[in-house]
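Visitor: Let me give you the structure first, and then I'll get to my questions.
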Amino acid sequence: MTTTAATTTTPVVGFDQVSKVYGDVRAVDGLSLSLHPGETVALLGPNGAGKSTTLDLLLGLRQPDSGQVRVFGTGPREAIVAGRVGAMLQSGGLMDEVTVAELVRLACALHPKSYPVGEVLSRAGISQIADRKVDKLSGGQAQRVRFALATAGDSDLIVLDEPTTGMDVTARQAFWATMREQADQGRTVLFATHYLEEADAIADRVLVLHRGRLLADGTAAEIKAKAGARRVSFDLEGTVDEAPLRALPFLTSLDVSGHTVRIQSSDADATVHALYGLGVYPRNLEVSGLGLEQAFVAITQAEEAKQS
């Protein structure tokens, strides 16, 4: 399989000060970003952050109120008509009263650079249900059919909105193995997800949206570092008194479960030093960096605090 991904410096996707307003809600607020060939990019954000609206703007399903969206240097619709974009969205249903194979065959017929139907079915892991009616599928099977439709042809950009919702662990692993292959061949993969462990494991770039703005942009490691906090966990003997623990310097969160204490600190060294100053003896002391999920929560909570 070959790819026709652009080799020039023209971004795959370019948002230039893009805004979209619904009444009093600024779903996208002055968003600027660029995506480049071969990147696998995770789009993260709490509910209402503007992820779905951003994808709709990218795909030409909605028009910005201000700013400009470009895909391969043209308007989104022109890029889609040229077959350069494949998309798998949450919104919109699948056709009823047709088989999986019939639906995939239609998608292949419509794509200007289509793959053989059998190849598309196999890649999506749905060959065994090819003769099944679409309205008889489970949620995970329907997701794999949507993936097949998004990859029915040789597209340079693949856009996925919550792609693994409803899939079991095995199907999710197979799905992401296929996505890695797509990126390795030079395609750009952009996916929105609530499964932050997927973003941590799969994406080589993470975008964090908050209230329609780009809050963070970097590798998963850079996003974790941006949170500026570390995890400290330890065990204490006897009844744990939370009051002195809450007074520890640089503490950002505290969780006590039985004899186990888990805290987050913006200066773990100073916090641990003060902990020993309390006259307690922490056992099984561990200091580690935040995972992407904890970093995501810390960054968005800090932004909420600034705006409140």
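Visitor: Taking residue 28 as the residue in question, decide whether it is at pLDDT 95 or above, touching a Phe, Trp or Tyr at 6+ places or on another chain (Cβ under 7 Å) and open to solvent by less than 50 Å² (accessible area, probe 1.4 Å).
Guide: It is false that residue 28 is at pLDDT 95 or above, touching a Phe, Trp or Tyr at 6+ places or on another chain (Cβ under 7 Å) and open to solvent by less than 50 Å² (accessible area, probe 1.4 Å).
Visitor: Quick check: is even one residue across the range 58-79 touching a Gly at 6+ places or on another chain (Cβ under 9 Å) and aromatic (Phe, Trp, Tyr)?
Guide: Kept after step one, since they are touching a Gly at 6+ places or on another chain (Cβ under 9 Å), are these residues of the range 58-79: 60, 66-71, 73, 75-79.
Now drop any that are not aromatic (Phe, Trp, Tyr), which leaves none.
No - not one qualifying residue is present in the range 58-79.
Visitor: Taking the range 82-110, which residues are aliphatic (A, V, I, L, M) and open to solvent by 60 Å² or more (accessible area, probe 1.4 Å)?
Guide: Across the range 82-110, the qualifying residues are 95, 106, 109, 110.
Visitor: Let me ask something else. If you go through the range 62-99 one residue at a time, how many are of a type in the set (A, V, I, L, M), farther than 30 Å from residue 132 by Cα, free of Cβ contacts under 8 Å to residues at least 60 places away in the same chain and touching a Leu at 6+ places or on another chain (Cβ under 8 Å)? Quick ask: steps written out before the conclusion?
Guide: So the first thing to find is which residues in the range 62-99 are of a type in the set (A, V, I, L, M), and the list is 69, 71, 79-82, 85, 87-89, 94-95, 98.
Next, from what is left, pick out any that are farther than 30 Å from residue 132 by Cα: 69, 71, 79, 82.
Filter once more, keeping what is free of Cβ contacts under 8 Å to residues at least 60 places away in the same chain: 69, 82.
Narrowing further to those that are touching a Leu at 6+ places or on another chain (Cβ under 8 Å): 69.
Residues that pass the stated criteria total 1.
Visitor: Let me ask something else about it. Only residues in the range 100-128 that are more than 24 Å from residue 78 (Cα to Cα) count as the first member; pair them with residues that are open to solvent by 70 Å² or more (accessible area, probe 1.4 Å) and outside any helix (DSSP H, G or I), Cβ under 7 angstrom, at least 6 apart or cross-chain, and list the lot.
Guide: Pairs that qualify, where the first residue is more than 24 Å from residue 78 (Cα to Cα) and the partner is open to solvent by 70 Å² or more (accessible area, probe 1.4 Å) and outside any helix (DSSP H, G or I), are 100/132; 101/131.
Visitor: Moving to a separate point now. Quick check on the range 215-233. Is at least one of its residues modelled with pLDDT under 90 and closer than 30 Å to residue 122 by Cα?
Guide: no
Visitor: Moving on to the next point. Take the range 266-308 and flag every residue that is farther than 18 Å from residue 250 by Cβ and of a type in the set (S, T, N, Q).
Guide: 284, 300, 307, 308
Visitor: Here is a list: 117, 159, 69. Which entry is within 21 Å of the chain's Cα centre (by Cα), modelled with pLDDT of 95 or more and open to solvent by 10 Å² or more (accessible area, probe 1.4 Å)?
Guide: Values: 117 fails: within 21 Å of the chain's Cα centre (by Cα); 159 fails: open to solvent by 10 Å² or more (accessible area, probe 1.4 Å).
69 is the lone residue from the list that is within 21 Å of the chain's Cα centre (by Cα), modelled with pLDDT of 95 or more and open to solvent by 10 Å² or more (accessible area, probe 1.4 Å).
Visitor: While we're looking at this one, here's another question. Is it true that some residue in the range 179-201 is farther than 21 Å from residue 36 by Cβ, modelled with pLDDT of 90 or more, surrounded by 22 or more Cβ atoms within 10 Å (Cβ to Cβ) and touching a Leu at 6+ places or on another chain (Cβ under 9 Å)?
Guide: No, the range 179-201 contains no residue that is farther than 21 Å from residue 36 by Cβ, modelled with pLDDT of 90 or more, surrounded by 22 or more Cβ atoms within 10 Å (Cβ to Cβ) and touching a Leu at 6+ places or on another chain (Cβ under 9 Å).
Let's see how each residue does on (1) among the aliphatic types (A, V, I, L, M); (2) over 21 Å from residue 186 (Cβ atoms):
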| position | (1), (2) |
| --- | --- |
| 25 | yes, yes |
| 59 | yes, no |
| 65 | no, yes |
| 73 | no, no |
| 89 | yes, yes |
| 93 | no, yes |
| 109 | yes, yes |
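Visitor: Any chance you could count how many residues in the range 27-48 are in a loop (DSSP other than H, G, I, E, B) and under 29 Å from residue 186 (Cα atoms)? Full working, then the answer.
Guide: In the first step, residues of the range 27-48 are kept if they are in a loop (DSSP other than H, G, I, E, B); the result is 36-39, 45-48.
Adding the requirement that they be under 29 Å from residue 186 (Cα atoms) leaves 36-39, 45.
Final tally of qualifying residues: 5.
Visitor: Considering only residues that are exposed (fewer than 15 other Cβ atoms within 10 Å of the Cβ) and at pLDDT 95 or above, which ones fall in the range 1-20?
Guide: Hit for the range 1-20 is 17, nothing else.
The values are calculated or read from the model by the stated rules, or taken from the named source; none is laboratory data. Owing to the predicted nature of the structure, the values given are computational and were not obtained by experimental measurement. In this analysis, Cβ positions are derived from the backbone assuming ideal geometry, glycine residues included, and neighbour counts consider all displayed protein chains. Each accessible area value is taken on the protein alone, full model and side chains, heavy atoms only, with ligands, DNA and RNA left out. Shrake-Rupley method; radii C 1.70, N 1.55, O 1.52, S 1.80 Å.
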